[in-house]
Amino acid sequence: MSRFPAPRSRGKLPARYAAIVMPLVLSVMMTFVISGVSTLLSLGPTPAFVATWPSAWAVSWLVAFPTLLLVLPLVRRIVALVVEHPSAK
């Protein structure tokens with residue numbers, strides 16, 4: 001018999017946090033890739049690229065995350081106007 005209790009499984013966040021988590025994850029991933037490509041094109045594959053990319057990513061993320069929070073509701077409305085809703089059967 002083990003003295004230690006079984007580790008608790010990780011729970012998920014409640015669904016109400018999806019409106020924050022989705023733009024957070026999207027902004028992290030998109031700014032990581034875009035800032036990397038942009039910095040690489042500007043500096044080339046040099047040591048300066050490795051030194052510059054983290055700060056370029058941080059600045060781009062600081063702009064992208066709040067922008068996504070503000071723009072995402074408008075984007076959802078535009079998509080709803082363009083995309084047909086599935087009919088209920």
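Taking the conditions exactly as written (surrounded by 11 or more Cβ atoms within 10 Å (Cβ to Cβ) and hydroxyl-bearing (Ser, Thr, Tyr)), does Thr52 satisfy them or not?
In short, yes.
Looking at Ala80, Ala18, Ala64, Ala58, can you tell me which residue is aliphatic (A, V, I, L, M), under 14 Å from the mean Cα position of the chain (by Cα) and surrounded by fewer than 11 Cβ atoms within 10 Å (Cβ to Cβ)?
Ala18
Go over the candidates Leu13, Leu40, Leu26 one by one and state the one that is assigned to a loop (DSSP other than H, G, I, E, B) and touching a helix residue (DSSP H, G or I) at 6+ places or on another chain (Cβ under 8 Å).
Leu13
Laboratory data are not the source of any read-out in this text; all were calculated from the coordinates shown. Just so it is clear, the structure is predicted and the values come from calculations on it, not from any experiment. Reconstructed Cβ throughout: ideal geometry from the backbone, glycine too, with neighbour counts over all protein chains shown.
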